[in-house]
Each structure stands twice: as structure tokens, then as C-alpha cells.
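Chemist: Pasting a structure here, questions to come.
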Amino acid sequence: MKDERGAAPGADRPTIVRALREMAGLLDASGQETFKARAYARGADVLERLDADLGELVARRRLTTLPGIGPALAAMITELHQTGRSQALEEQRRRVPSVALELSRVPGLSLDKIAALHAALGIETLDDL
């Protein structure tokens, strides 16, 4: 949907915070690059506590002045704010099956083990397990 100026609607701050937390969860569930998962979670915390106008920070390209917000995270926040979507998040959603998010909370279950359980036994939820 477009607004009256013809611009694509962007995401508001709470939506961006949720997207960053989702990205952190997906990265954590995949078991790779845990430092990146923590960075996305910290970025969500920073935006949640933000007193400044997010739109102005995006417009002035000043997101990296916030503690813990690096260039990659700033790019994702900017993309979400301007378009309402994130290519990186969508790509990560495709890589990590939804079953992995729920089952990744079980200690010792890696993405490979989750995939094997899903393929062999059809396990998709904690209840199935």
C-alpha cells in the first residue's frame, strides 16, 4: 500500500524492534555467528529506549552514532524504516525453518539435529518432541 505521496510505507519503531529481535532469534536458531545475534538483540534494546526521532536519525544517516549500531545494523534499520521490509531478514527467514525457532530453545539441539528430527519423525513443535 502507498501513501498519498506515492511512497511505500515504512515500518515504525516498534515494528523495527520486533524485526531486529526476530533476526536475532533466527541467527541464534541457526547456530552460526552468535555475535551477530547478540548485536541484533542489542540494537533492538537501543531502539526500544531511544528518545530521539528515529526518522530524523535515518534521514541524517546518524544511526551509527547510537551505541551498538554499526553500519550493517543501520542499513537494515534504514531499509525497514523506509520500505517496511528487510531483504536480510527475508533471506534469513527462508534459510531457517520455523520449526527451528521453536526447537532451538532445547539445549543441545543444533539446526542439523532439528532438521534430522523433522525429516525422520516429522517433529515440528516442542509438544511433538
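Chemist: Would you please name the residue that is farthest from the chain's Cα centre (by Cα), looking only at residues in segment 90-125 that are β-branched (Val, Ile, Thr) and surrounded by 14 or more Cβ atoms within 10 Å (Cβ to Cβ)?
Modeler: That would be ILE123.
Chemist: What about ALA39, is it closer than 19 Å to GLY10 by Cβ and surrounded by 14 or more Cβ atoms within 10 Å (Cβ to Cβ)?
Modeler: Taking the combined requirement at face value, the residue does not satisfy it.
Chemist: Kindly list the number of the only condition in (1) open to solvent by 80 Å² or more (accessible area, probe 1.4 Å); (2) modelled with pLDDT under 90 that fails for PRO9.
Modeler: (1) is the only condition that PRO9 fails.
Chemist: Let me ask something else about it. In segment 42-76, how many residues are of a type outside the set (A, V, I, L, M, F, W, C) and surrounded by 11 or more Cβ atoms within 10 Å (Cβ to Cβ)?
Modeler: 11
Chemist: Since LEU66 meets every condition but one in (1) under 25 Å from ARG93 (Cα atoms); (2) in contact with a helix residue (DSSP H, G or I) (Cβ under 7 Å, 6 or more places away or on another chain), which condition does it not meet?
Modeler: (1)
Chemist: Among the residues of segment 77-84, is there at least one that is surrounded by 14 or more Cβ atoms within 10 Å (Cβ to Cβ) and free of Cβ contacts under 8 Å to residues at least 60 places away in the same chain?
Modeler: Yes.
Chemist: Still on this structure, please answer the following. For residues in segment 21-36 being over 11 Å from ARG93 (Cα atoms) and acidic (Asp, Glu), which is surrounded by the fewest Cβ atoms within 10 Å (Cβ to Cβ)?
Modeler: Per the stated criteria, the residue is GLU33.
Chemist: Residue by residue through segment 9-27, note down the ones that are out of contact with any helix residue (DSSP H, G or I) (no Cβ under 6 Å at 6 or more places or on another chain) and either part of a loop (DSSP other than H, G, I, E, B) or on the phi > 0 side of the Ramachandran plot (or both).
Modeler: Within segment 9-27, PRO9, ASP12 meet the criteria.
The values are calculated or read from the model by the stated rules, or taken from the named source; none is laboratory data. Since the structure is predicted, the reported quantities are computational estimates derived from the model, not experimental observations. Note that we place each Cβ from the backbone using ideal geometry, even for glycine, and neighbour counts take in every protein chain shown. Ligands, DNA and RNA are excluded from the accessible area calculation, which covers all protein heavy atoms including side chains. Shrake-Rupley method; radii C 1.70, N 1.55, O 1.52, S 1.80 Å.
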